[in-house]
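Peer 1: Here it is, the structure, as C-alpha cells.
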Protein chains: 2
Amino acid sequence: MSSSGTIVLGVDPGINHTGFGIIAQEGNRFRYLDSGAIHTSTRQKFPQRLEKIHQELEGLITRWQPEVMSLEESIYAQNVRVALKLGQARGVVVLAAARHGMEFSEFSPKKIKLSVVGNGAASKEQVRFMVTRLLDLPQEPASFDEADALAAAICYLNQNKMQW
Amino acid sequence: MSSSGTIVLGVDPGINHTGFGIIAQEGNRFRYLDSGAIHTSTRQKFPQRLEKIHQELEGLITRWQPEVMSLEESIYAQNVRVALKLGQARGVVVLAAARHGMEFSEFSPKKIKLSVVGNGAASKEQVRFMVTRLLDLPQEPASFDEADALAAAICYLNQNKMQW
C-alpha cells in the first residue's frame, strides 16, 4: 500500500469550536497544509450552528481534497447532555466525510497521544508541543481543538506508516 | 398568525431507526400526508448510516416541502455512549432542517404527551393510539418511532392553534 501524497483531514468536533488540521504524507515526511477552528456563536440558533460547521468543513474538503478524515473517538463526554450536543456536532462532521466519499478513521485518545507524544497519558500541552515540532510549525496552534485535530491526522499517517 | 396549510415534518431520530411523520394543518383539522421510518443496517459503516438518514430525510423534504421540523428534545438518553450515537443521528436530521430553511421546533416528551394524550406521563401505546385517532389513520403506525414522530408534528400544530 502506498500512501505517498495522502491528504488527511483531522477534526476535533464541538458545537462551539470545531478544530481542523490538514496534512499530507510525502515520503517519510509530513507536509502541513492548513489548520484552524470553525467557531459558532451561541446567538445563532442550533440548526444554523450545525449548518455552519458542516458548510465550512465542506469548503475545506472542496479546497484540499483530502482522501481521509481522522477523528478522536468521543466516548468520553462528561455527561449525557454534553454528549448529545457533542454528538450532533460530530454527526454533521462525519456526514461531510460520507458525502465526499472519504475514508473515515477513528482513534482512541490514548492511541493518538501514544502516536504523537509516545505517551498515552500525555497532557494537552504535550500534544500541542509535539504537533508543532512534528509539523515544523512556526508557532504553536492557537487552540487545543486545532492541535488535537492535527494530532488525529498525524496518528492516521503514523498508523499507516507502520504497515508499509 | 395563520398556519392554514402549514406542513410539519415530525422526526424521531435514531441511528438504527429514524421515525418520520408529515402532516398538514387544514382549518381545524389535521391532514395526514406520510409517515414511516428510515432504517440503517449495522453492516453499513457508521458514516454511511448517517448519510442514509440525511439523504432519505432530504428526499422527504423535497417531496413534501414542509415548512417546519418538529422534534422531541432528547436530553434523556440512558448513558453517554447512547447519547453520542443518538446525537450524531440527530445532528444530521437537524442539519436537513437548516439546509432547507425550515423552522425548527423542539418539545419535551412531557409536552408532546400532554398535547396528544392529555397526560404528560402517557405510555408509548397511548401515544400511538391517540395519534391513530387524531389523524384518522386506517391502522396504527408500524413502529413507536413513527408514532412518536407523528406525535411531535401534532404537538407543533396544537401549540400554534393555542396562539390563534
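Every read-out reported here was derived from the displayed coordinates using simple, explicitly stated rules and does not represent laboratory data. All of these numbers come straight from a predicted model, not from anything done at the bench. Positions of Cβ are generated from backbone atoms using ideal geometry, with glycine treated the same way; all protein chains shown enter the neighbour counts.
Peer 1: State to the nearest 20 debye the size of the charge dipole of chain A about its Cα centre, where the only charges are +1 on K and R beta carbons and -1 on D and E beta carbons.
Peer 2: Computed charge dipole of chain A: roughly 360 debye.
Peer 1: Looking at the axis that maps chain A onto chain B, which chain A residue has the closest Cβ, and how far off is it in Å, rounded to a whole number?
Peer 2: Of all Cβ atoms in A, the one closest to the rotation axis yields A:GLY87, 1.
Peer 1: Still on this model: Under the rule of -39500 (n - 2.57) per DSSP H run of 4 or more residues, summed and divided by the residues of chain B, what mean residue ellipticity at 222 nm is obtained, to the nearest 500 deg cm²/dmol?
Peer 2: -15500 deg cm²/dmol
Peer 1: Output the pairs from A:LYS111/A:LYS161; A:LYS161/B:LYS52; A:LYS111/B:LYS85; B:LYS113/B:LYS161; A:LYS111/B:LYS45 with a Cα-Cα distance over 24 Å in this structure; if there are none, say none.
Peer 2: Violating the 24 Å Cα-Cα cut-off are A:LYS161/B:LYS52.
Peer 1: Which distances, shortest first and in nm, link A:GLN139 to the matching position in the other copies, using label points set 7 Å out along Cα to C-beta?
Peer 2: Sorted ascending, the copy-to-copy spacings read 6.7 nm.
Peer 1: Let me ask something additional. Find every distance from the label point of B:GLY59 to the corresponding label point in the other copies (7 Å from Cα along Cα→Cβ) and write them in nm, one decimal, shortest first.
Peer 2: For B:GLY59, the other copies' label points sit at 3.1 nm, shortest first.
Peer 1: Counting only other chains, and only Cβ atoms inside 10 Å, what mean value do you get across the residues of A:91-104?
Peer 2: So the per-residue partner count for this stretch is 6.
Peer 1: Placing a label point 7 Å from Cα toward Cβ, how far apart in nm is A:SER123 from its equivalents in the other copies, listed shortest first to one decimal?
Peer 2: The answer, with the shortest distance listed first, is 5.6 nm.
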